[in-house]
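Okay, so here's the structure we're looking at.
All of the numbers you see were taken from the coordinates with simple rules; none came from a lab. Note that the structure is a prediction, hence the values are computed from the model and not measured. No Cβ is skipped: glycine too gets one built from the backbone with ideal geometry, and neighbour counts run over all protein chains shown.
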Amino acid sequence: MMLDVRNLCVGYSRNAVLQGIDLTVEAGEIVTLVGANGAGKSTLVKALAGLLPPMSGTVTFDGRRIEALPPAERLRMGLALVPEGRQVFAGMTVRENLTLGAYADDGPAAIANQARRTQEVCALFPVLQQRMDGVVGNFSGGQQQMLAIGRGLMSGPRLLILDEPSLGLSPLMVAEIFQLVQRLRDQGIAILLAEQNARSALAVADRGYVIENGRVTLSGLAADLLHSPEIAARYLGVGTATVVSQAESARLAHRLQQAMQA
Amino acid sequence: MTDFIQLLVGGVLTGSIYALIALGFSLVYRVTGVINLAQGAFCILAALTCHSLQAELGWPVWAASLGGIAMTVAAGAITGALTFVPGLSRLSNANMLMMAAGLLTMAEGGILVLWGSQPYALPPFSGNRPVEIAGILVPTQGLWVVGTTLLTIACLWYLLARTRLGRALRACAENPAAARLMGIDVPRMTLLAFTLAAFIGAVAGVVIAPATSLQFDTGRLFTISGFVAVAIGGIASFPGSILGGLLLGLVNHFATAYVSSLFSNAIALGLLLVVLVWRPSGLVGAGVTRRQDVREEARVWKHVVRLKPPVAWITAGIALVGAALLPTVLPEGAILSSLVIAGILFIALLGLDILMGYAGQVSLGQAGFMAIGGYTAAWLAVEHDVAPLLGVLAGMALSLVCALVLSVVTLRLRGLYLALATLAFGLLVDSFAIGFSDITGGPSGLVGIPSFAVGGFEFDTPLSMYYLVLVLDAVLVLLFAGAIRASFGRALQAIRTDQMAAAALGVDVVKCKLTAFAISAMLASLSGSLYAFFFHFLSPEMVGTARSLELVAMLVIGGEGTLVGPLLGGILLTMMPAVFQPLASYKTFFSGALLVLCFLRLPEGLFGGAVAGLGRLFRSRQAPPALVGEGMAP
């Protein structure tokens, strides 16, 4: 098992946002975290990257407990996060952004690794290659997202966590991002994908977890989740209204009637 | 023509030192978003250490200079690690600015204790004979200054643009959260930036030392020059800082030569205010704006625990009776006088509390209004025999006018820039007080001010002043306690918590801010007038920037947003030298240290802390603790 999260509780000051999360990711897997806005997905991935200290619970990566390690140490072990909203360094060039992505690698082979990985990232995103010395601030959202992912890959991760990579992108770009996720997995990188766009995420993932109010409410194979009526009703939107059972709609109608009479 | 070129050369020489100090400001600002007002303290500390190493231990110039720089850097690193870096994670940028002001005061006080108040002079590095270049005389120290500045700029540029460390520093400057994600240790980088700024400041101090006279408060002058330079040029940009420094040096030299040395500062500050209105971020904008969505407007807002109305009334009654009876047990002397002074300053503090504690508008120039009130009333009384009461009212009217004019600038600004604008205003009044020597008596002050009088009654003893001030304070506190509980107070607190939300709820933000500003200006003016009448004397330094910073210290130490809390701070800082005579020389140091400590350990101040403590005590005795609502914003 590559990543094993047990009973993780994380919060801000006294209020626990995550209340006992259990989650695993196997090597070479795509696992998705599905949940509404504010369910705790971003808190979870931040805690996994070391940006938020857990209140209790354990996080094991490659058999080693990491919940107390700083971000740099986790990066060196091969765990990287591509944060929500891209968070690229807008005033710097593509090259500088990528170099910073490899900052944690301070071993003897750092320079060689950096050069090799820059080439790999450029192979993955030819557009970055073309604009290597361009300042990132005036890139499009899609290009910035590619750079953010590229920057995340610069530390040579074996588990890449992506937080809302499709946020604010055009449908075409979203499709490209999800294709990319599969390509990365084919290269042997395990992916943990936090997404509001549940349908696309479940379509590419092997397994999925549904998070609600800081707890895992449902988990299983992505294909099963995709066809589960509960998921369909809550996360897959209007197009699946037919999945809602007859009984359910009858109950709703009854409640509506009651409410109107009251 | 030669004169002109000579001035130009002089301006560039001075300007390059300003540029060097400005670079230190800019470096810390870019990495942390804070204007480190302690920057000038590094210069003077290094210069004086260098002097002592030469004079006391007989070290050669080069060794003493390096020693001075090394010791300053060490002191800077320790200060940064103990105060600046921990503060960053809890305080808003405006509060960090005030904490930095506390650090500056602390350094000033420490230097006063170690080196005394006499001026020092250092010999130039390479002799007193100026070099002649194409008919222009250049002092050799000037060449050292320019050379050092260029070298420092080059090294800094190389570090930031070309090295791994520099990239990490820039990453922190641009987006601290993402920098952490890259595995960069952001607190360590912050400390590094702070220490690097200390190094730059120390280098500037050591090379400029022979060209200027050094005193315990010269650090403040360095800070002010550097800060004006950086505010004009653009704090977020290194080229801007350098440009601002050179510009300020040239303006100073030309203004001194063609107008008057008394007004050279006023002209520079006027320029600054124009820049603040026209382009608040300075002449040279930043390439990238720092992400300020998180911290810029955030205030660490702890719920101020207040006494329940009946308890408050009873306590206030007891306190008032106690204060009224106090003179019967006190001998008339230094202690009673200190109490009168604390009471007079409390009038200004009340206004500052309305402005800062309730409306959340930082002001570092409150003593400017004290100066306006003090000089107006005193000048009218001395020169025109105007009755003191009329003089006080005239001063308040003039302060109101000045406040309204200044609000053209301040209403557009928030947080950091507001603090800068008010600081500039205080400095401007300061330099006018020195400049208009016909009215104000110049640097040596205005003498022969009569006592305050109403009708035929003269308040010419400390005892009569004590009761006058006591009544005034009590009436004002009562008045504001009422206003704060009414819709005006709620509107102010709404503005402080979230200006945009307040506006959305229909609060007239502009009107409320203006009212709070006008009230604080008039109260400061009243306080300044009484101050002058009580001392029978007024000099610029009594109502200068040091006073403004002291007022802020008193407010924060006593407790912001508590109305009466600042009185505690005022009494503490005023009484300390009177009660403990041997400690008088430590007063400045303690006032700075207390301010810094309060920001770090007791953000609700002495009064707030005491009330909260009492509240906990009672609650644990009476009923099961009611945790609901505690720690929530009001």
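Report Rg (one decimal) and Dmax (nearest whole number) for segment B:376-518, counting Cα atoms only, units Å.
My reading of the Cα-based Rg and Dmax gives 19.0, 53 Å.
Arrange the following residues from fewest to most other Cβ atoms within 10 Å of their Cβ: B:I484, A:I30.
B:I484, A:I30
Assuming a viscosity of 1.567 mPa s and a temperature of 4 °C, what translational diffusion coefficient in µm² per second does Stokes-Einstein assign to the protein assembly as shown, Rh being the Kirkwood radius over Cα pairs?
On the way: Rh = 30.7 Å.
Answer from the Stokes-Einstein relation: 42 µm²/s.
Tell me what chain B gives for mean residue ellipticity at 222 nm when only DSSP H runs of n ≥ 4 count, each as -39,500 (n - 2.57), the sum divided by the residue total, rounded to 500 deg cm²/dmol.
-23500 deg cm²/dmol
If the label point is 7 Å along Cα→Cβ of B:L597, which residues in segment B:529-564 have backbone nitrogen under 16 Å from it?
B:553-559
So who's got an amide H within less than 5 Å of the one on B:L446, skipping anything under 5 residues away but keeping other chains? H placed 1.01 Å off N, in plane.
B:L538, B:S539
Under a 5 Å amide H to amide H cut-off, with H placed in plane at 1.01 Å, what residues pair with B:F459 once short-range neighbours are removed?
B:F452, B:A453, B:V454
How large is ³J(HN,Hα) for each residue in segment B:241-247, as worked out from phi by the Karplus curve 6.51 cos²θ - 1.76 cosθ + 1.60 (θ = phi - 60°), to whole Hz, x for Gly and Pro?
With the stated coefficients, segment B:241-247 comes to 4, 5, 4, x, x, 5, 4 Hz.
Determine the gain in length on full extension of the stretch B:A319-B:V454; use 0.36 nm per residue of separation and subtract their C-alpha separation, reporting nm with one decimal. Walk me through the numbers on the way to the answer.
Numbers: separation 135, 0.36 × 135 = 48.60 nm, distance 2.66 nm.
Stretched fully, the B:A319-B:V454 segment lengthens by 45.9 nm.
On full extension of the chain, what length is gained from B:R188 through B:L463, given 0.36 nm per residue of separation minus the C-alpha to C-alpha distance? Spell out each step's value before the answer.
Values: separation 275, 0.36 × 275 = 99.00 nm, distance 5.50 nm.
The span from B:R188 to B:L463 would gain 93.5 nm if fully extended.
Tabulate in residue order the Karplus-calculated ³J(HN,Hα) for segment A:89-94, using 6.51 cos²θ - 1.76 cosθ + 1.60 with θ = phi - 60°, rounded to whole Hz; enter x for Gly and Pro.
7, 5, x, 10, 7, 4
If we count every other residue with Cβ under 10 angstrom of A:R207's Cβ, Lys/Arg +1 and Asp/Glu -1, where does the sum land?
Computed value for this residue: -4.
Say R0 is 25 Å: what FRET efficiency, to the nearest 0.05, do B:V471 and B:V509 get from their beta-carbon distance?
0.15
Could you list B:L568, A:L8, B:L272 in order of exposure, starting from the residue whose Cβ has the fewest other Cβ atoms within 10 Å?
B:L568, A:L8, B:L272
What angle do you read, to the nearest 10 degrees and between 0 and 90, between the alpha-carbon axis of helix B:309-329 and the longest principal axis of chain B?
Between the helix axis and the principal axis of chain B, the angle is about 80 degrees.
Search the structure for amide H atoms under 5 Å from the amide H of A:A27, placed 1.01 Å from N in the peptide plane, and list their residues when 5 or more places away or on another chain.
Amide H neighbours of A:A27: A:M2.
For chain A, what is the mean residue ellipticity at 222 nm derived from helices alone (per DSSP H run of n ≥ 4: -39500 (n - 2.57); sum divided by total residues; nearest 500 deg cm²/dmol)? List each step's numbers first, then the result.
Numbers: 11 runs with 109 residues, N = 262.
-12000 deg cm²/dmol, from helical runs alone.
When you take every Cα atom in segment A:74-164, what is the radius of gyration, and what is Dmax, the widest Cα pair distance, in Å?
Gyration radius and largest Cα-Cα distance of segment A:74-164: 12.1, 36 Å.
What average count of beta carbons from other chains do you get within 10 Å of the Cβ of residues in A:66-79?
Across A:66-79, the average partner-chain Cβ count within 10 Å equals 2.
Using the alpha-carbon centroid of each, what span in Å lies between segment B:357-402 and segment B:1-41?
Spelled out, the Cα-based centre of one part sits 33 Å from the other.
Along its three principal axes, how long is chain B when you only count alpha carbons? Whole Å, largest extent first please.
Largest first, chain B extends 75, 63, 50 Å along its Cα principal axes.
For B:A55 and B:A584, what does the FRET efficiency come to when R0 = 35 Å and r is the distance between their Cβ atoms, rounded to the nearest 0.05?
For R0 = 35 Å, the calculated efficiency reads 0.85.
Compute the projected area of the convex hull of the Cα atoms of segment A:3-227, averaged over all viewing directions, and report it in nm² to one decimal place.
11.9
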